1. Run down T28, T46 and say which single residue is part of a helix (DSSP H, G or I) and polar (S, T, N, Q).
2. Under 9 Å between Cβ atoms, which residue pairs at least 6 apart in sequence (or on different chains) link something in region 243-258 that is more than 9 Å from S16 (Cβ to Cβ) and of a type in the set (S, T, Y) with a partner that is in a helix (DSSP H, G or I) and modelled with pLDDT under 95?
3. Could you list, in sequence order, all residues of region 66-79 that are surrounded by 15 or more Cβ atoms within 10 Å (Cβ to Cβ) and either among the acidic types (D, E) or over 18 Å from A48 (Cβ atoms) (or both)?
4. Under 6 Å between Cβ atoms, which residue pairs at least 6 apart in sequence (or on different chains) link something in region 270-285 that is surrounded by 21 or more Cβ atoms within 10 Å (Cβ to Cβ) and part of a strand (DSSP E or B) with a partner that is among the β-branched types (V, I, T) and modelled with pLDDT of 95 or more?
5. Could you tell me whether any residue of region 100-111 is part of a helix (DSSP H, G or I) and surrounded by 24 or more Cβ atoms within 10 Å (Cβ to Cβ)?
6. Give region 24-49 a look and list any residue that's within 19 Å of F96 (Cα to Cα) and either more than 17 Å from the chain's Cα centre (by Cα) or free of Cβ contacts under 8 Å to residues at least 12 places away in the same chain (or both), or say none.
7. Confirm whether V205 is surrounded by 24 or more Cβ atoms within 10 Å (Cβ to Cβ) and aliphatic (A, V, I, L, M).
8. Do the conditions hold for A277, that is, is it among the small types (G, A, S) and in contact with a His (Cβ under 9 Å, 6 or more places away or on another chain)?
Amino acid sequence: MTTPQHKIGSGFGATSTAAEVLAGLDLTGKLALVTGGYSGIGLETTRALAGAGAHVIVPARRPARAEEALAGIGNTEVGELDLADLASVHAFAGRFLATGRRLDLVVGSAGVMACPETRVGPGWEAQFATNHLGHFALVNHLWPAIADGARVVAVSSRGHHFSPIRWDDVHFGHGYDRWLAYGQAKTANVLFAVHLDRLGRDRGVRAFALHPGSIMTNLLRHVPRDEWRANGWVDEHGNPTSYFKTPEAGAATQVWAATSPRLDGLGGVYLEDCDVAEPALEEDGVTPVRHRVGVRGYAIDPEQAARLWALSAELTGVDAITPS
């Protein structure tokens, strides 16, 4: 049965930091994997988990850059991984499986946002391929090493309000729109967590998706500066507005998802501001996305989730989790 989308009163909120949600928790002996764990909120996630005692594996497309970013943070290691390249995903997973270790926490924090039209692999749209398909393949390849009782966290976004899955043109073969493509990819992240939770719960593996909040990080690199002003992200002088969270607060919801005892027995839900999100109101066509809250019904629909899982398995050629 799908967990209801209703707040549980976590005691934390929009300004809580990753360190605050981890206060009193000892993660010694836990093994975590954080994609994108060397920049932005991914780096703060790595820092917080490692600081609480977990050993954190950070896959990176540019390992040398990751090593530099993680210098001084103990309990970490770097591996080479390009989520847009399925051969790279398979190779990374193979190297990890050969170590015989078990993963307790998996946080899919890497992603790309609103990039120019880019094709990867066999012509896939890059945002859907990187943000969703790469993580789908990674978790499936790593499934034999994901421990019973583990948590898998898919970092989505309020951007999922932009678009459901475009079943008739997933890869934007008939006209590309970078924000619709981003929205579809973020919806896919939520649906992935919904179905993974359904498949994994017999082993105690629970999955969550979330909106981390808006944070001024390198994720914005493809968005023109005039859009920053138009969206209210910066003032007339180019200074960030109060719309943005700090990176420490931006990492909090995914760290809370990965570790909080308050979520024991729950799963398959979408979170925001360190709590379970409420269902979103119907769109009025007027309210800007930045002011919308909650999760759209199409992003947590179990039938849509199962359909996306089947499509993803077909595209990537891997499905280690669905019972045969």
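1. Numbers: T28 fails: part of a helix (DSSP H, G or I).
Answer to the check: T46.
2. Y243/R290
3. Keep residues of region 66-79 that are surrounded by 15 or more Cβ atoms within 10 Å (Cβ to Cβ), which gives 66-67, 69-70, 73, 75-76, 78-79.
Passing the criteria: E67, G79.
4. Y270/V190; Y270/V295; L271/T253; V276/I8; V276/V269
5. Within region 100-111, the subset part of a helix (DSSP H, G or I) is none.
Within region 100-111 (the criterion being part of a helix (DSSP H, G or I) and surrounded by 24 or more Cβ atoms within 10 Å (Cβ to Cβ)), the answer is no, since none of the residues qualifies.
6. In the first step, residues of region 24-49 are kept if they are within 19 Å of F96 (Cα to Cα); the result is 29-38, 46.
Once the filter is applied, which keeps residues that are within 19 Å of F96 (Cα to Cα) and either more than 17 Å from the chain's Cα centre (by Cα) or free of Cβ contacts under 8 Å to residues at least 12 places away in the same chain (or both), region 24-49 yields G29, K30, L31.
7. Details: surrounded by 24 or more Cβ atoms within 10 Å (Cβ to Cβ): no; aliphatic (A, V, I, L, M): yes.
No, not satisfied.
8. Details: among the small types (G, A, S): yes; in contact with a His (Cβ under 9 Å, 6 or more places away or on another chain): yes.
Answer is yes for this residue.
The values are calculated or read from the model by the stated rules, or taken from the named source; none is laboratory data. Here the structure is a predicted model, which is why all the values come from computation and not from measurement. Counting neighbours? That spans all protein chains shown, and the Cβs are built from the backbone with ideal geometry, glycine included.
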